[in-house]
């Protein structure tokens, strides 16, 4: 089942990639899900176990370590719950399959801060419900799996009706499409069904409905300052059973239900030894005191979110660059390490000059996995580490890496290269992690981020007709203008970004941009606003000929 589904995802990765609202050449949900599942497949292939419980556990562990982008992280949670539900099973009966599917749904919903219908979560839930219903009629595991796959396909079709951003363009969720391919592979493996064409070729009708489908990461929504109902982001790690104040036996459901009453955005992950908690609350002290009833506090972190601008969502595949030679185990750890995720040698050099110590190559067309980021944290040989994802689709992988790393780690939620560079202006190597997070987040909020790239297909979004080959200006994630030429698109975009408070415009030209064209853009911007200072840098970044920030 795992081998067939891994192949099915790999074969259809490009099709899933094409289901993206923004017609930019980096829509890569399929790549993320395929590489994440391939990591799970690798762990299974290396396992010597023969029971389904142990093999499922190998899949879950591989998925967790290889999870890329939001889609990969959520997929890993689906199969974490799947594996936990059949941990002691030698074989897989119809009822066992139902239990596993239900467990996957429960874990995935719990793992997401703000679960939204119309995403991969809906597809997983509807599929599990159909499996449950079918299992009351038959004990044939193949029949139950077929009902699961059929229901996933039907649920996928309903996603535009459940999520406004999908409804706007009349499309389905690409993460849900990826999970549907997984369940299709499971069914084919169990039934012996062989499909003539493993690569999905959509019909004209399907393309009309689906060609611009939104990646679920983009519709998870984002937490703006005005949305914050509970002001303190509180995280604790409790070593169960240890400590002088222990007076209650740990029960996961009771523990989670209690915390759910005093906050939101709750995430509770536990095994036999440790429980990790993330919750937004008005009373962080209550969370700490409650945790001590079950064990000693190994880690505590409290952030005042009303001084920050927090967001969540995700994106794609990755490769870690060669890191600078790091200290040996016998070398004294340094105080701080700062990791930036970026593509392009020029951008990497700019980050280095700003004080970043380590670079992971990735961003637009490749997102690092959880494992990549954990390894980068270890290579810093630092007591305290700050991570700049510089891409909203790397947030979940970075936060997951922060949870499992030995060092003290903070993730600054920078969505763009410009935000990451601006954040570094607030970094002070003598300040605490909490102070740096607060200051860097504040600096990040002062910059507007613009990107210029070429449309890879015709589409309509935000009321704009976009033709393949047009150049688009994207400001803070929204397409604001299009033009036939790159220079024109860039100038028009900057004009929209400028206001009375604008002082500095920074132009970073990439692989498909030139210094000469950047200077022409700068000259025209000066005509628009003679008072702004303009800086030009070589970035070497792919996908976006120009990254332009206004501060």
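Any read-out appearing in this document is the output of simple, stated calculations on the displayed coordinates, not a laboratory observation. Note that this is a predicted model, so its numbers are computed, not measured. Reconstructed Cβ throughout: ideal geometry from the backbone, glycine too, with neighbour counts over all protein chains shown.
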**Study point:** Sorted by Cβ density within 10 Å, fewest first, the residues 78, 52
**Key:** 52, 78
Review point. What is the distance in Å between the Cα centres of segment 439-485 and segment 235-252?
Key: 48
Point to revise | Gained length - residue 133 relative to residue 165, 0.36 nm times residue gap less alpha-carbon distance | key: 8.4 nm
Practice item. Report the FRET efficiency, 1/(1 + (r/R0)^6), for residue 140 and residue 116, where r is their Cβ-Cβ distance and R0 is 30 Å, rounded to 0.05. Key: 0.30
Review point. By per-residue mean of other Cβ atoms within 10 Å, what is the highest-first order of 457-463, 338-344?
Key: 338-344, 457-463
Practice item. Extending each Cα 7 Å along its Cβ direction at residue 286 and residue 406, get the distance between those two points in nm, one decimal. Key: 3.7
Review point. What's the FRET efficiency of residue 153 with residue 378 using the Cβ-Cβ distance as r and R₀ = 35 Å, to the nearest 0.05?
Key: 0.25
Review point. Most exposed first by the Cβ proxy, i.e. fewest other Cβ within 10 Å, how do 537, 258, 280, 353 rank?
Key: 353, 258, 537, 280
Check your understanding: How far, in nm, would the chain grow between residue 45 and residue 302 when pulled straight, counting 0.36 nm per residue and subtracting the alpha carbon separation?
Key -> 88.4 nm
Revision key, fill the gap. Most exposed to least, judged by fewest other Cβ atoms within 10 Å, 379, 437 sort to 379, 437
Revision key, fill the gap. Percent antiparallel among DSSP beta bridges confined to segment 449-550, rounded to 5, stands at 80
Check your understanding: Hey, with R₀ at 45 Å, roughly what FRET efficiency would residue 460 and residue 515 work out to, going by the Cβ-Cβ distance, to 0.05?
Key -> 0.85
Point to revise | Relative packing of 442-455, 286-299, which averages over residues the other C-beta atoms within 10 Å, highest first | key: 442-455, 286-299
Review point. How far, in nm, would the chain grow between residue 249 and residue 90 when pulled straight, counting 0.36 nm per residue and subtracting the alpha carbon separation?
Key: 54.2 nm
Review point. Measuring from centroid to centroid over Cα atoms, what is the spacing of segment 330-409 and segment 95-110 in Å?
Key: 33
